[in-house]
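Working notes, beginning with the structure itself.
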Amino acid sequence: MGASYFIQRALGDMKENGVTQFLSIGTIAISFFLFCSFLLLSLNFDFFLEAWEKKVQIILYLKDGVGEKKALQLKNKLQREEGIREVRYISQRKAMESFKRDLAGYGGVLEGLKEKIFPASLEIKLGENFRTPERIRALAARLLNIQEVEEVQYGGAWLERLSLFLYILRWGAWVLGGILVIIIVSVTANTARLTLFNKREEIEIMRLMGATNAFVKLPFYLEGGLQGLFGAAGSLLLLFLLFHVFSLEVSPYLSLYFGQLRLSFLSPDLIAGILGVGMASGLLGGFFSLRKAAGF
Amino acid sequence: MIQFFQVYKTYPGNIEALADISFKIEKGEFVFITGPSGAGKTTLLKLMIRAEMPDRGEILVNGKNVTRLKNSQIPFLRREIGFVFQDFKLLNYRTVYENISLVLVALGYKMSEIPKRIRQVLRIVGLEERVVKQTPFKLSGGEQQRVAIARALVNTPSILLADEPTGNLDPGITVEIMDLLEKVSSLGTTVVVATHDTNLVAKYKKRALPLYRGRLVG
């Protein structure tokens, strides 16, 4: 008896209980959809954070009265520090020119501005290994202690909030994943029990006529596995459609702020893993339903 | 060949179903197990297919010690025995063909062999081929029991057990079914019929094992 026979039998049984199966698969799909959404969000925020970290720099605003000579000495000193890749000195004049360039359209308003009101600054680019929120924060705190420094800016609060959000998302995805497995196992186990009840006469006849336990049980395991697989596949399909629509809307804005950064869908490995988890949990549900049923 | 050696069976609540049962049924023999309701007839048949386990004693079926079989070996014992029920136990949501083929599929027969076997067995039980596409509840009681017998015989078992096979049938159909079982016996199959109908036993003049309150009498 080939595997195709058992799959056909399982599919036939599922078709006979169409409404129940639809509800079970729907429940599994909704649960999977939540889990996959969390996974997709955390994945994209991860990319987003990574891209942001590449661009991140620390700006040291210097106190009034710190001359160019002193500033350049500080620049040279900082350039030798571990984790700092590049330091650029922005004089008061350059700061003003840059400001005027950025707001060129406002012509008249900018007239009469003097370079004195713009603080000189040092823009610090970090080495790759130093672009984590923790290291940036530590470095920024150390730089603030330098006598010539008035203020340190690095978008720290924003970065930290984002990385905390990402941390919660990742944990949320795992907790949801655990709950998901319990949901699938219990949904498939209950549906398999229902099929078992509907087919009790057929099973009794098959067993009395000499069918082996494996022959009787296999379609129930498969039914659970197929429910889990179909539920996972359905949720992925729905998520992909929504993702596609959403990314069409959001991508232009993303490229505006983050250049080449694009939203990404789950990788093929992850998709295969999700389908595998769906099927394995469903098989487990089928196994539990038969273990509890009398006579097995 | 079926042999019982001092078999005892008690159900929970200390209900004695069978006590000190010993007998031998030869290969190809036709035997009645008789007795009123509750005498232990069905229990006796169930012990032969290991649907029940005795408390004491040994049971041999075709040389196999039924009481000592491992669970994994039970299906192979049952493949040597066909079973017919009083209430037919046909699946009304399946066609006659599917009811019969279910057994062959479960026993691993090749798909190409199944139609041929079903045609043969329908001829033996005297059913026309037109019934194969119908569902059992559209057939008469006699036809349904013929389908049940066909299902029990389709894998050519050496033993056929029938538990009150005519219990739900009117007298005319009862004779037809009993004639069919006699025909099956004449083809070399051991047939054991459990019945409470003493007229039937008297009419067919076969060996009878009379049971009363779980014991063989007479």
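Here are the numbers for this structure:
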quantity	calculated
Net charge over other residues, Cβ less than 14 angstrom from the Cβ of B:ALA17 (K, R count +1; D, E count -1)	+2
Over the protein assembly as shown, equivalent-ellipsoid semi-axes from the Cα gyration tensor in Å	86, 23, 16
Residue-averaged [θ]222 nm for chain B, counting only DSSP H segments that reach four residues, each worth -39500 (n - 2.57)	-10000 deg cm²/dmol
Rounded to 5, percent antiparallel among DSSP beta bridges of the protein assembly as shown	65
Unit charges at the beta carbon, dipole of the stretch A:91-192: most positive-side option, A:GLY127, A:GLY177, A:LEU103	A:GLY177
Interchain or long-range residues, amide H under 5 Å from B:VAL84's placed H	B:LEU161, B:ALA162, B:ASP163
Only Lys, Arg (+1) and Asp, Glu (-1) charged, at Cβ; the protein assembly as shown dipole about Cα centre in debye	860
For chain B, alpha-carbon Rg and Dmax in angstrom	17.2, 50
Average partner coverage of B:90-103, which counts Cβ from other chains inside 10 Å	2
Set A:LYS15/B:LYS46; B:LYS27/B:LYS203; B:LYS64/B:LYS206; B:LYS24/B:LYS110; A:LYS217/B:LYS110 screened for pairs whose C-alpha atoms are more than 29 Å apart	A:LYS15/B:LYS46; B:LYS24/B:LYS110
Test item: B:104-113 mean partner chain Cβ contacts at 10 Å	4
Number of partner chain Cβ atoms within 10 Å, mean per residue of A:210-221	4
Euclidean distance of C-alpha centroids, the stretch A:126-194 and the stretch B:112-145, integer Å	69
FRET efficiency estimate (nearest 0.05) - Cβ-Cβ, A:ALA3 to A:LEU237, R0 30 angstrom	0.75
Residue-averaged 222 nm ellipticity for chain A, from DSSP H runs of 4+ at -39500 (n - 2.57), nearest 500	-25000 deg cm²/dmol
Total formal charge among the other residues, if their Cβ is under 12 angstrom from that of B:PHE137, Lys/Arg +1 and Asp/Glu -1	+1
Inter-label distance, nm, simple model (7 Å from Cα along the C-beta direction), A:GLU81/B:LYS138	9.0
Whichever lysines have a C-alpha closer than 22 Å to that of A:LYS69, once near sequence neighbours (fewer than 8 apart) are set aside	A:LYS77, A:LYS94, A:LYS114, A:LYS116, A:LYS125
Cut-off 15 Å between beta-carbons: net charge of the residues surrounding B:SER101, Lys and Arg +1, Asp and Glu -1	+4
Principal axis dimensions, largest first and in whole angstrom, of the stretch A:57-154 by Cα	44, 26, 18
In Hz, Karplus ³J(HN,Hα) per residue of the stretch B:206-217 (6.51, -1.76, 1.60; θ = phi - 60°; x = Gly, Pro)	10, 5, 10, 10, x, 10, 9, 6, x, 10, 6, 10
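Just so you know, all these numbers are worked out from the coordinates, no wet-lab data involved. Just so it is clear, the structure is predicted and the values come from calculations on it, not from any experiment. Cβ coordinates were reconstructed from backbone atoms using ideal geometry, including for glycine residues, and neighbour counts include every protein chain displayed.
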